[in-house]
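Data block below; observations after.
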Amino acid sequence: MKKFILFILPLLTIFSSSCAQEKLRTPPYLKKGDSIIIVAPAGILKNRQETIQKAKKLAESWGLNVVLGKHLFKQADHFAGTDNERCEDFQKALDNPTIKAIWAARGGYGSVRILELLDFTTFKQNPKWVIGYSDITAFHNHIHNLGVETIHAMMATSLEEKLEEIVETIASFKKVLFGENIQYKIPSSTYNRNALSSSVYTLEGQIVGGNIAILASMLGSESQISTDGKILFIEEIGEYKYSIDRMLQSLKRAGYFRKLKAVIVGDISKVKKNTTPWGTSIEQLILDAVPKDIPILFNFPAGHEADNRAIIFGRNVQLTIGNKESSVSFRK
């Protein structure tokens, strides 16, 4: 009996540790008087000073103090400053105890270039919200593996859209930032796939994911996330169908879909036309790439379109796929 106990105790420790890691830490929600910083960890902000001022005024209208990164408007070829300059702004934001949220000005490309330069020691001790989408998926994935929730939501440059088209985008972002409950109800797509033949299918799991190209680029690195028992959100812009299929096949071969609970598909925007037609819709492409036993919800309003609803990555959600209406409800 003693030998059995000595054998089983390490296993129980591993098991309990694994279970504990499933619950991610929630950074403190913002309140009036808190400070939020706008930084540019990726693409250049050329002639976008007016846009940043709009974003600043928006956050200030919510009672927040807005700080702008020192190198926000720097230009280094494709990027908003050199890798070191962008890293400096992000590092100061991570380490500054008075900053409660880090808001990406835009995406583009470049976040992955500074991941290895950053020190997350202070952040892990006192986590704060990191906000953005698209290229910011690199941060979402990396920080997820540190055990902290992040916000997939509008960026500062989202305010270049027509205000009447981003009402829900702004409203959902504010709700998430200040800790209000969020639930989204959307019309059901005829492409949706239930795991059962019943008219309504409900499941629950932790939502993770982001931009497909960035998810694929994280494969094999310490920033690659595990999707076991989780719900995967995906979105994309400006790719050929064959390229989207190639990336999904790469994710599939890497085990992304092996123990996945469900897939939520956001905007797949501005798909490029190839000289050789793909032959099916983007929905069918995804249905073919994802194993047939995995439920899929299409047309979720998040991604590169104006209507970009906020998502808390790492949070448990209840997903309901119905014939006429489907919903995604975030748990507290």
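The values are calculated or read from the model by the stated rules, or taken from the named source; none is laboratory data. What you are looking at is a predicted structure, and each value in this text was computed from that prediction instead of being measured. Neighbour counts run over all protein chains shown; Cβ positions are idealised from the backbone, glycine included. We work out accessible area using only protein heavy atoms, side chains counted, and drop any ligands, DNA or RNA first. Shrake-Rupley method; radii C 1.70, N 1.55, O 1.52, S 1.80 Å.
Give a quick list of GluC sites (Glu not before Pro) in the range 174-261 that DSSP marks as loop, anything other than H, G, I, E or B, with at most 16 other Cβ atoms within 10 Å.
The qualifying sites are GLU180, GLU222.
To the nearest 10 square angstrom, how much accessible area does ASP293 have with a 1.4 angstrom probe?
120
Once you compute Rg and the Kirkwood Rh from C-alpha atoms, what is the Rg to Rh ratio for the range 76-176?
Values: Rg = 13.9 Å, Rh = 14.3 Å.
So for the range 76-176, dividing Rg by the Kirkwood Rh gives 0.97.
Would you mind computing the Rg to Rh ratio of the chain from its alpha-carbon coordinates, Kirkwood style for Rh?
On the way: Rg = 20.2 Å, Rh = 20.7 Å.
Rg/Rh for the chain comes to 0.98.
Roughly what % of DSSP beta bridges within the chain run antiparallel, to the nearest 5?
About 40 percent, rounded to the nearest 5.
How much of the accessible area of the range 29-173, in percent, comes from carbon and sulfur atoms when a 1.4 Å probe is used? Display every interim value, and only then the final one.
Working: 2830 of 5910 Å².
Carbon and sulfur atoms account for 48 percent of the accessible area of the range 29-173.
What order, most packed first, do the peptides 138-147, 225-234, 92-101, 162-171 have when packing is the mean number of other Cβ atoms within 10 Å of each residue?
Packing order, densest peptide first, comes out as 138-147, 225-234, 92-101, 162-171.
With a/c under 1.5 counting as rounded, go ahead and sort the range 193-289 into rounded, prolate or oblate using the C-alpha gyration tensor (a ≥ b ≥ c being the square roots of the eigenvalues; past the cut-off, prolate if a/b is larger than b/c, else oblate).
Since a/c reaches 1.5 but b/c is at least a/b, the shape of the range 193-289 is classed as oblate.
In whole Å and largest first, what semi-axes does the C-alpha gyration tensor of the range 257-332 yield when each eigenvalue is scaled by 5 and square-rooted?
Values: eigenvalues 120, 57, 27 Å².
Square roots of five times the eigenvalues give 24, 17, 12 Å.
Span-like helices, the chain: DSSP H, alpha-carbon axial extent 27 Å or more, mean Kyte-Doolittle -0.5 or greater, which ones?
2-22
Multiply the residue separation of ASP288 and ASN65 by 0.36 nm, subtract the distance between their alpha-carbon atoms, and state the gained length in nm to one decimal.
75.5 nm
Once you charge only the Cβ atoms, +1 for Lys and Arg and -1 for Asp and Glu, what is the size of the charge dipole of the chain about its Cα centre, to the nearest 20 debye?
740
So what is the accessible area of the chain per residue, in Å², with the probe set to 1.4 Å?
47
Please compute the volume of the convex hull spanned by the alpha-carbon atoms of the range 151-209 and report it per residue in Å³.
Expressed per residue, the convex hull around the Cα atoms of the range 151-209 is 148 Å³.
Tell me, what is the 1.4 Å probe accessible area of ARG106, in Å² to the nearest 10?
Here the accessible area works out near 50 Å².
Quick check on the range 34-123: what does the Kirkwood estimate of hydrodynamic radius come out to from the alpha carbon pairs, in Å?
13.1
For TYR240, TYR201, write out the residues from largest to smallest accessible area, computed with a 1.4 angstrom probe and no ligands counted.
TYR240, TYR201
Would you be so kind as to identify which of SER281, GLY43, LEU219 lies farthest towards the positive end of the dipole of the chain, taking Lys and Arg as +1 and Asp and Glu as -1 on Cβ and the Cα centre as origin?
So the residue we want is LEU219.
So, with +1 on the Cβ of K and R and -1 on the Cβ of D and E, and no other charges, what is the size of the charge dipole of the range 32-142 about its Cα centre, to the nearest 20 debye? Write down the numbers at each step before the final one.
Values: 15 positive and 12 negative charges, 83 e Å.
Its charge dipole is roughly 400 debye.
If you place +1 on the Cβ of every Lys and Arg and -1 on the Cβ of every Asp and Glu, how big does the dipole about the Cα centre of the range 73-138 come out, in debye to the nearest 20?
300
Accessible area of the range 190-332 with a 1.4 Å probe: how many percent of it is carbon plus sulfur?
Carbon and sulfur: 46 percent of the exposed surface of the range 190-332.
Once the Cβ-Cβ distance between ASP77 and THR122 is put in as r, and R0 is 35 Å, what FRET efficiency do you end up with, to the nearest 0.05?
0.70
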